[in-house]
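The next block holds one structure in the form of structure tokens; read it before the comments.
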Amino acid sequence: MKRIGILTGGGDAPGLNAVIRSVVLTAKYRCGWEVVGIREGYDGLLAGNPPVVLTEERVRDLLPRGGTILGAVNRGNPFVRVVEREDGTVDYLDVSEEAIRRMEEHRLDALIVAGGDGTMAIANKLVPLGARIVGVPKTIDNDLDQTDVTFGFDTAILTATEALDKLQTTAESHHRVMVLEVMGRNAGWIALKSGVAGGADAILIPEIPFDIAVVNDKIRALRAAGRRYSLVVVAEGAAPIGGDQHYYIKGDGLMQPRLGGIGYLVGNLIAEGIDGDVRVTVLGHLQRGGQPTPRDRWLATQFGAEAIQLILDEKWGHMVALHGSTLTSVPFADAIKLKFVDPNGTLVQMARNLGIVFG
Ligand code: F6P
């Protein structure tokens, strides 16, 4: 019997628990293998956290549960351990051998890592050192180039679309401009998809630097036509033409920079440019929480089952991917490439044809 480890790296996404469930059930019923969970991602692996045996009973009710029962942290890169010295200086150490040793100590025949580009980049460097790792793509941002879609994205779009639906009714009552800031890092997928689904009038995405005058002209034109409210979706990574992205935490050696706050900037610029009431909502981590949609549960279940197939095929250093309706796999080196909205592509063009402006 094999013993398979699983860890969830980076930020969480709805569907991670469904992956864990799928891996455990497929390992058991298809192969007769045992699955153990490594808590707190790579950080927990390095810390030597004792693995948790994941039985069928343990994962029984995980399908609708958001988050990850294994915990997720954005730390623990074995190649860059951040060590703060007593004098306040910071050192970066390569402790990758420790990660390999931990896998041996835990008697793992293979490790499944579920994560985004950061998680896959680490795995990509561990495999040449002898680690038997396969990957499962996860991110609400849907910014991994080598898979059509990642689980968590559909749930995030639903949350953002529902937020727009709710903002629309109050916007209409008060004749207001409502600005909704959504996540997505440097990709505008959540903004674009939820913006179109939620009937936004303007969508600002990182891939298209914006001119606020275009947004304000749109709002004025709508008013002139008798519509006295507007909805503006802003991706957290959006930036004005010639300007910078907005970080609410700049970051340093110890702390990662955090995108966010551009919604307020946009709200102020609209308020200055038009004669009207503007309100701003930052949706934040609501997009990461809650029950995964049936589509995300399905995708997560497929990805978990396919990860077991990759182990059976000994395709170390490969990540599960969805191409069209076909499950396949891609090498980690390719899996870490990012996917952005094409400013001249058909999706943006379709939105423009609906009268939506991109600034
Ligand atoms: O990558 C997923 C994501 O939610 C991004 O959209 C966002 O920029 C980031 O993670 C937030 O990270 P944290 O949870 O560390 O604040």
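Some observations on this one:
- Annotation: of all residues in the stretch 130-157 being within 13 Å of the chain's Cα centre (by Cα) and without any contact (Cβ under 8 Å) to a residue 60 or more places away in the chain, the one that is nearest to the ligand (Cβ to nearest atom) is 141.
- Leading residue by the ranking (farthest from residue 202 (Cα to Cα)) among those in the stretch 278-327 that are in contact with a Ser or Thr (Cβ under 8 Å, 6 or more places away or on another chain), away from the ligand (no atom under 16 Å from the Cβ) and part of a loop (DSSP other than H, G, I, E, B): 315
- Boolean, residue 48 is within 16 Å of the ligand (Cβ to nearest atom) and in the same structural domain as residue 305 (by TED's automatic domain parsing): no
- Entry remark, the stretch 246-260: residues being more than 11 Å from the ligand (Cβ to nearest atom) and touching a residue at least 40 places away in the same chain (Cβ under 8 Å) number 2 in total.
- Meets criteria (modelled with pLDDT of 95 or more, on the phi < 0 side of the Ramachandran plot and either under 19 Å from the mean Cα position of the chain (by Cα) or within 16 Å of the ligand (Cβ to nearest atom) (or both)) for residue 12: yes
- Sole residue being within 23 Å of residue 256 (Cα to Cα), more than 16 Å from the ligand (Cβ to nearest atom) and assigned by TED's automatic domain parsing to the domain that holds residue 142, chosen from 30, 39: 39
- The criterion of being within 16 Å of the ligand (Cβ to nearest atom), at pLDDT 95 or above and either closer than 19 Å to residue 311 by Cα or surrounded by 17 or more Cβ atoms within 10 Å (Cβ to Cβ) (or both) does not hold for residue 76.
- Answer residue from the stretch 193-212, given it is within 14 Å of the ligand (Cβ to nearest atom) and not charged (D, E, K, R) and is nearest to residue 237 (Cα to Cα) among those: 206
- In the set 171, 160, only one residue is of a type outside the set (Lys, Arg) and within 15 Å of the ligand (Cβ to nearest atom); that residue is 160.
- Any chance residue 184 is surrounded by 14 or more Cβ atoms within 10 Å (Cβ to Cβ) and more than 16 Å from the ligand (Cβ to nearest atom): no
- With respect to being within 19 Å of the chain's Cα centre (by Cα), in a helix (DSSP H, G or I) and modelled with pLDDT of 95 or more, residue 342 falls outside the description.
- Looking only at the stretch 8-19, residues that are of a type in the set (A, V, I, L, M, F, W, C) and in contact with a helix residue (DSSP H, G or I) (Cβ under 6 Å, 6 or more places away or on another chain) come to 2 in all.
- Selection count where residues are of a type outside the set (A, V, I, L, M, F, W, C), within 16 Å of the ligand (Cβ to nearest atom) and either surrounded by 20 or more Cβ atoms within 10 Å (Cβ to Cβ) or modelled with pLDDT under 95 (or both), scope the stretch 261-277: 1
- Qualifying residue in the stretch 112-122 (condition: more than 15 Å from the ligand (Cβ to nearest atom), assigned by TED's automatic domain parsing to the domain that holds residue 21 and closer than 26 Å to residue 325 by Cα): yes
- Set 154, 141: member being closer than 30 Å to residue 111 by Cα, in contact with a Lys or Arg (Cβ under 6 Å, 6 or more places away or on another chain) and not in a loop (DSSP other than H, G, I, E, B): 154
- Residue within the stretch 55-67 that is within 16 Å of the ligand (Cβ to nearest atom) and either surrounded by fewer than 24 Cβ atoms within 10 Å (Cβ to Cβ) or at pLDDT 95 or above (or both) present: yes
- Qualifying residue in the stretch 169-183 (condition: in contact with a Gly (Cβ under 6 Å, 6 or more places away or on another chain) and without any contact (Cβ under 8 Å) to a residue 60 or more places away in the chain): no
- Residues that are surrounded by 12 or more Cβ atoms within 10 Å (Cβ to Cβ) and among the β-branched types (Val, Ile, Thr), drawn from the stretch 84-126: 95, 100, 112, 113, 119, 122
Here is a yes/no grid of residues against (1) of a type in the set (Asp, Glu); (2) closer than 22 Å to residue 256 by Cβ:
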| residue | (1), (2) |
| --- | --- |
| 65 | no, no |
| 84 | yes, yes |
| 96 | no, yes |
| 105 | yes, no |
| 118 | no, yes |
| 122 | no, yes |
| 125 | no, yes |
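The values are calculated or read from the model by the stated rules, or taken from the named source; none is laboratory data. All values reported here derive from a predicted model rather than from experimental measurement. With ideal geometry, Cβ positions are generated from the backbone for all residues, glycine too; neighbour counts draw on all protein chains shown.
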